[in-house]
Amino acid sequence: MPLVRVTLVDGVFTEQQKHAMAADLTDVMLKYEGSEAFREVVWVLLEELHTDGWHMGGLPFRGPATIVDHLERSKNAYEAIDGHPVTRDELAAAAPLISL
């Protein structure tokens, strides 16, 4: 039996949206299972975490502003990399630590 597990931020989606999401995810699984006969055994678990349980880049998640800030920090980190490292060790040597 397939189990699709989705973790969401609490309060973002309505009950109707969550039901629709579960139905759509079930349809996706059936596409790959290859038979409508699997519909009754596809489980979809939608878990919601309070915002105090979410962190991005080691900082608390506060909604869309957090995402924008995170993308800006990611961009700055990427631009600080010296050269084109291809291994983890090369990346660690080429990318300076950036304070938050």
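The values are calculated or read from the model by the stated rules, or taken from the named source; none is laboratory data. Note that the structure is predicted; figures quoted are calculated from it, not measured. FYI the Cβ positions are ideal-geometry reconstructions off the backbone, even for glycines, and counts take in every protein chain you see.
Table: residues versus (1) more than 15 Å from residue 12 (Cβ to Cβ); (2) acidic (Asp, Glu); (3) surrounded by 10 or more Cβ atoms within 10 Å (Cβ to Cβ); (4) more than 17 Å from the chain's Cα centre (by Cα).
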| position | (1), (2), (3), (4) |
| --- | --- |
| 52 | no, yes, yes, no |
| 57 | yes, no, yes, no |
| 77 | yes, no, yes, yes |
| 97 | yes, no, no, yes |
Condition first: surrounded by 11 or more Cβ atoms within 10 Å (Cβ to Cβ), part of a helix (DSSP H, G or I) and not β-branched (Val, Ile, Thr). Can you find one or more residues in the stretch 7-14 that meet it? no
List every residue pair whose Cβ atoms sit under 8 Å apart, with the two residues 6 or more apart in sequence or on different chains, where the first one lies in the stretch 23-50 and is among the charged types (D, E, K, R) and assigned to a strand (DSSP E or B) and the second, anywhere, is modelled with pLDDT under 95 and loosely packed, with under 11 Cβ neighbours inside 10 Å. 48/11
